[in-house]
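The next block holds one structure in the form of structure tokens; read it before the comments.
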Amino acid sequence: MTTLPEIFEKAYAGDRLSPTEGLQLLKEADLFSLGALANFIREKKSNASKITFVVDRNINYTNVCIYDCKFCGFYRKPGDKEGYLWTKNEIFEKIEQLEKLGGTQLLIQGGVNPALGLDFFADLFKSIKARFPGMQIHSLSPVEIEYVARKEKMTIRDVLIKLREAGLDSVPGGGAEILVDRVRDIISPRKKEKIWFDVMRTVGELGMKGSASMVYGMIETLEERIEHLVKIRQLQDETNVFRAFICWSFKADASTTELQLPESSGSEYLRMLAISRIILDNFDHIQAGWLTETVKLAQLALAFGADDMGGILLEDEVMGAVGVHIDVAISDMLHNIRQTGKAPIQRNTKYEHIRAFN
């Protein structure tokens, strides 16, 4: 059996770790040694003195959903009096606010609403691009895209081509949770891992880009967390589809979610972030999760492998439904990055630097 020092030596040399070695690190390595290794790997990929962020907005256009996920407090079933679907004008008002702030990225995501098909999204994206040509549409989770394909009796590839023609720029990795069907069969039985991988693989085959994510701290084992990371590493080897990885811990509100579990600790978040940087050797960017993990912990994450603070977001109805609320302006983001001794850089969805701050 490989010893812990041998695994560290292998990782510092730039050699890929096996799932067994990654699991051993996750279980046995002390937190600060793990963080130092993750930070070493991060510094080989980008300028360690600079931290990027994006000015974006989450537009949760509908909360109507047919997928009864036990961890979700956001969705409402079709016909529920609390269900909503925003109009195009309401969406435009939110984009106008973002544009005035110098924002560049739209995260348009919602429930799987059976009333909506390809025409709805194609028309919406075309209208956004016509009115806000500078906005990058980083939108629709793999589950939303796969449902549209089934509803329209089309292939995922053809749906993505139509959406790309309408203005879709890239696909966020939402809905990944833990990409192991043993877990998904319990927490989200209608969202098999194959759906997520089929969509993201097709995104990559079309030359488009996306991101990958993980929500840990539900019912998964440590072995399954590593399995999740290794699976997305393999897809990245095959397609180079992912620009970034984001992980965050499960949050629950006893009044809104069926799945009730104790929250993970801050040290566990830093451990998961660090192991993600170490295992995902073919990812350039790892985001710090200030929204779910608090700003202070996200600042620490910048010394545990993260190189990016993610987005301003402006609003997020999904996280708001479980008691996580956003109150961060651009000035706050600049302050939070500067407090770590780093220089803040505003980026776009492609991770191109568009504004440097002293």
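What follows draws every value from the coordinates through simple rules; no lab data is involved. Remember, predicted model here, so these are calculated numbers, not experimental data. Reconstructed Cβ throughout: ideal geometry from the backbone, glycine too, with neighbour counts over all protein chains shown.
How far is helix 156-166 tilted, in degrees, relative to the longest principal axis of the Cα atoms in the chain, given as a value from 0 to 90 rounded to the nearest 10?
70
Show which lysines lie in cross-link reach of Lys251 when reach means a straight Cα distance below 16 angstrom and same-chain residues fewer than eight apart are skipped.
Filter leaves Lys70.
Write down the percent of antiparallel bridges among all DSSP beta bridges whose residues are both part of the chain, to the nearest 5.
Restricted to the chain, the bridges split so that about 10 percent are antiparallel.
What's the FRET efficiency of Phe32 with Ala343 using the Cβ-Cβ distance as r and R₀ = 22 Å, to the nearest 0.05?
So the FRET efficiency works out to roughly 0.35.
For Tyr67 and Ser46, compute 0.36 nm times the residue count separating them, minus their Cα-Cα distance, and round to one decimal in nm.
Extra length from Tyr67 to Ser46 when fully extended: 3.6 nm.
What FRET efficiency comes out for the pair Ala13/Arg157, r = Cβ-Cβ distance, R0 = 45 Å, nearest 0.05?
0.70
Pick out, in residue order, every one of the trypsin sites (Lys or Arg not before Pro) in region 162-230 that is DSSP loop and has at most 16 other C-beta atoms within 10 Å; say none if there are none.
Arg190, Lys192
With contacts defined as alpha carbon pairs under 8 Å and 6 or more residues apart, what's the relative contact order of the chain in percent?
Reported as a whole number, the value is 24 percent.
Sort Glu28, Glu144 so the one with the fewest other Cβ atoms within 10 Å of its own Cβ comes first.
If I rank by nearby Cβ atoms, fewest first, I get Glu28, Glu144.
If the chain were replaced by its equivalent ellipsoid, with semi-axes equal to the square roots of 5 times the Cα gyration tensor eigenvalues, what would those be, largest first, whole Å?
Three semi-axes, in Å: 31, 24, 20.
By its C-alpha gyration tensor, with a ≥ b ≥ c as the square roots of the eigenvalues, how is region 105-248 shaped: rounded for a/c under 1.5, else prolate for a/b larger than b/c, else oblate?
Prolate, since a/c reaches 1.5 and a/b exceeds b/c.
For a 18 Å ceiling on Cα separation, which of these pairs sit above it: Lys162/Lys209; Lys77/Lys191; Lys162/Lys194; Lys94/Lys129; Lys88/Lys126; Lys81/Lys191?
From the list (Lys162/Lys209; Lys77/Lys191; Lys162/Lys194; Lys94/Lys129; Lys88/Lys126; Lys81/Lys191), the Cα-Cα distance tops 18 Å for Lys162/Lys194; Lys81/Lys191.
Can you show me the helix-derived [θ] at 222 nm for the chain, built from DSSP H runs with n ≥ 4 at -39,500 (n - 2.57) apiece and divided by the number of residues, rounded to the nearest 500.
After summing the helix terms and dividing by the residues of the chain, the value is -13500 deg cm²/dmol.
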